[in-house]
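Below is one structure, written out as structure tokens; comments come after it.
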Amino acid sequence: MDNEKRTMDHEGMKSGIVHFPLSDVHFDNSAKTIEIQSNISLAPFTTMKIGGKARFFVKAGNEQQVADAVGFAKKNDLGLFVLGGGSNILVSDKGFDGLVLQIALKGIEDCPGQDFGLTVKAGENWDAFVAYCVERDLAGIECLSGIPGFVGGTPVQNVGAYGQEVSETIVSVRCLDRNSGEIVELSNAECGFSYRTSIFNSTMRDRFIVLAVTYRLKKGGVPKIVYKDLREYFGGTAAALAKVRKAVLNIRAAKSMVIDANDPNSQSAGSFFKNPIVPGSIITEIGVENIPHFPVDEETVKIPAAWLIETAGFYKGYKLGNVGISTKHSLALINLGGGTAEEILALTGRIQAEVESKFGISLQPEPIFVGF
């Protein structure tokens, strides 16, 4: 094994062999709470099972460990990547020549003074939390069942599916401010939520590390059945939260969008492209009949990226080397076995070029690219 551990404790640092140069890295006892590992393969931490090694790796189980890991990276002028459930990232084949910080904070707490407010630590499994809420008859996130990853990633991407987004229920986000070293609470408004976007992945991308999220849900609330697939599933009839969760899981499983070790189609990062929001005038300019689109506001519409991809000639099951498009969902790029990040990038570029050529629309990837 070429993995080694360097523990920051009163006894100092354990010795070992690493493959990244360490001459410019300082280990000392200033951060006594963290265990620093080196040359850790990142592929097993991702749903795509692709990626090289992290120069350094820390698993943080509490806020102090998060702060100490950030301090170590800052002191040594190391790049820092914050890892959650690995469900929405593509890691370079070269890996990450810096510190990968995995957030593993756990716990769910009721919020005093708030009706059905729940504060959830960032390292909690998202789908397990959705199940927890549905079991308690708390409405507000039932349509987000089956989405892989950790709670901490949900405000970053403003995770959404089947007509629901987390921004509808998030009250505040507890973060470590990397600039000041202080812990802050950001309100929903301060998070700057929009479609698949927040300040955490846009204007202040590298400033905050999510530690916990507070949600406000509705006891006995009516499930949100607005998305076409769900309306068709229930035929316009009312349904209990548990039935809506089950329906979402069934629909996602049919598209291989639920992580399943026995389903090669699920070895993906979920939807790889965002649905583009474009001026409404483009519908007539494209010159193609019956383009599916949905109004966003008076001037813009959203066009399904899946339709653009398929109409541009990329069918379900399309292959390029060891990667391809899911046989069940044209938005999912998958690792067929032995796939590399370079192959995923090549397929991404090919799809983008054809869609741009045919429709004049630029498709934007949804996953975070790490180490490129």
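The values are calculated or read from the model by the stated rules, or taken from the named source; none is laboratory data. Computed from a predicted structure; not experimentally measured. Don't worry about glycine lacking a Cβ; one is built from the backbone with ideal geometry, like all the others, and counts go over all protein chains shown. Note: areas computed on protein heavy atoms with side chains; ligands, DNA, RNA excluded. Shrake-Rupley method; radii C 1.70, N 1.55, O 1.52, S 1.80 Å.
Please enumerate the residues belonging to segment 60-92 that are small (Gly, Ala, Ser) and under 19 Å from the mean Cα position of the chain (by Cα).
ALA60, GLY84, GLY85, GLY86, SER87, SER92
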Which of the residues belonging to segment 220-238 are without any contact (Cβ under 8 Å) to a residue 60 or more places away in the chain and part of a helix (DSSP H, G or I)?
LYS228, ARG231, GLU232, TYR233, PHE234
Conditions (1) open to solvent by less than 30 Å² (accessible area, probe 1.4 Å); (2) not in a loop (DSSP other than H, G, I, E, B); number of the one not met by GLU354:
(1)
Taking segment 157-192 and keeping residues touching a Ser or Thr at 6+ places or on another chain (Cβ under 6 Å), of a type outside the set (A, V, I, L, M, F, W, C) and under 28 Å from TYR227 (Cβ atoms) leaves ASN158, SER172, SER187, GLY192
Test each condition in (1) modelled with pLDDT of 95 or more; (2) surrounded by fewer than 17 Cβ atoms within 10 Å (Cβ to Cβ); (3) closer than 29 Å to SER172 by Cβ for SER41 and report the one that comes out false.
(3)
Which condition number in (1) open to solvent by 40 Å² or more (accessible area, probe 1.4 Å); (2) under 22 Å from the mean Cα position of the chain (by Cα); (3) without any contact (Cβ under 8 Å) to a residue 12 or more places away in the chain is the one that ASP263 fails?
(1)
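For segment 228-237, does any single residue satisfy the condition of being under 18 Å from GLN157 (Cβ atoms), open to solvent by 20 Å² or more (accessible area, probe 1.4 Å), out of contact with any Ser or Thr (no Cβ under 7 Å at 6 or more places or on another chain) and modelled with pLDDT under 90? Step through it out loud before you land on a result.
First, the residues of segment 228-237 that are under 18 Å from GLN157 (Cβ atoms): none.
No: zero hits.
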Selection within segment 34-54 - over 30 Å from ASP263 (Cβ atoms) and either free of Cβ contacts under 8 Å to residues at least 12 places away in the same chain or not in a strand (DSSP E or B) (or both):
ILE34
Taking segment 268-325, which residues are part of a strand (DSSP E or B), farther than 27 Å from GLY85 by Cα and among the aliphatic types (A, V, I, L, M)?
ILE277, VAL278, VAL301
Looking only at segment 208-221, decide whether some residue is open to solvent by 60 Å² or more (accessible area, probe 1.4 Å) and out of contact with any Cys (no Cβ under 9 Å at 6 or more places or on another chain).
yes
Filtered residues of segment 176-192 (kept if closer than 12 Å to PRO155 by Cβ and not in a loop (DSSP other than H, G, I, E, B)):
LEU186, SER187, GLU190, CYS191
Somewhere in segment 165-182, is a residue more than 28 Å from ILE251 (Cβ to Cβ), of a type in the set (Val, Ile, Thr) and touching a Pro at 6+ places or on another chain (Cβ under 6 Å)?
yes
Only one of ILE277, ILE368 is open to solvent by 30 Å² or more (accessible area, probe 1.4 Å), within 20 Å of GLY163 (Cβ to Cβ), touching a residue at least 12 places away in the same chain (Cβ under 8 Å) and within 21 Å of the chain's Cα centre (by Cα). Can you tell me which?
ILE277
Find the strands (runs of 3 or more DSSP E) located wholly in segment 55-147 whose residues include 1 or more that are modelled with pLDDT of 95 or more and surrounded by 17 or more Cβ atoms within 10 Å (Cβ to Cβ), and list them.
79-83, 89-91, 96-103, 117-121
Name the one entry in VAL184, VAL244, VAL210 that is closer than 23 Å to ALA269 by Cβ and among the β-branched types (Val, Ile, Thr).
VAL210
Within segment 197-207, work out how many residues are surrounded by fewer than 19 Cβ atoms within 10 Å (Cβ to Cβ) and either in a loop (DSSP other than H, G, I, E, B) or among the acidic types (Asp, Glu) (or both).
6
Identify the single condition in (1) in contact (Cβ under 8 Å) with a residue 60 or more places away in the chain; (2) open to solvent by less than 20 Å² (accessible area, probe 1.4 Å); (3) farther than 23 Å from VAL134 by Cβ that LEU241 does not satisfy, given that it satisfies every other one.
(3)
Flag if SER330 is open to solvent by less than 10 Å² (accessible area, probe 1.4 Å) and of a type in the set (Gly, Ala, Ser)
yes
Can you pull out the residues in segment 294-313 that are touching a strand residue (DSSP E or B) at 6+ places or on another chain (Cβ under 6 Å) and open to solvent by less than 80 Å² (accessible area, probe 1.4 Å)?
VAL296, THR300, VAL301, LYS302, ALA305
